[in-house]
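Step one of this worksheet: look at the structure below.
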Amino acid sequence: MFDLVPFRRQNKKVVENDDPFAYLFSNFFNDALDVASVSFKTDVKENENEYIVQAELPGVEKEDINLELDDNYLTISVNNKEEHTEKKENYIRRERRTGSFQRAFYMENVKEDEIKAKYNDGILEIKLPKENPGKSDRKIIDIE
């Protein structure tokens, strides 16, 4: 099955003046940028015959994505380099953003030779056929 461990880097900046609005907007934009730069959203589905992983990677080229299955861990890594140039009258704006991020999922009961992946319109889809088809053994745990 999968082992999903959420991770989020906290980078809170203290606003020196006690303006609550400055603090609110500062944290809003800093948090939004931090999350976007270190992670990507991933959906994991299971049916009787396979697991399906869908990762949102908008603006990423297929060549910048690496998939690896090692010791039952599926790792999705991305090295992103983006450059934007805008020229108007006497104004030139250049923005560059580089970064790398990855997600790893613990896998078992997967036919390693039959894993297939495709990338289309910013969505990476990985199909992982089960070695022993059927629902995985799950135990429901009561909460006291």
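Annotations for the structure displayed:
- Exposure proxy order (Cβ contacts within 10 Å, fewest to most) of Asp70, Asp64, Asp43: Asp70, Asp43, Asp64
- Under-30-angstrom lysine pairs by C-alpha in the stretch 42-129, whenever the two are 8 or more apart or on separate chains: 18
- Cβ crowding within 10 Å ranks Leu69, Leu124 as Leu69, Leu124, fewest other Cβ atoms first.
- Asn109-Lys41 FRET efficiency (beta carbon distance; Förster radius 25 Å; 0.05 resolution): 0.50
- Length-normalised contact order for the stretch 42-129 - Cα pairs under 8 Å, 6+ apart - percent: 32 percent
Every number here is computed from the coordinates shown, using simple stated rules; none is lab data. Just so you know, these numbers come straight off a predicted model, no measurement behind them. Backbone-built Cβ (ideal geometry, glycine too); neighbour counts: all protein chains shown.
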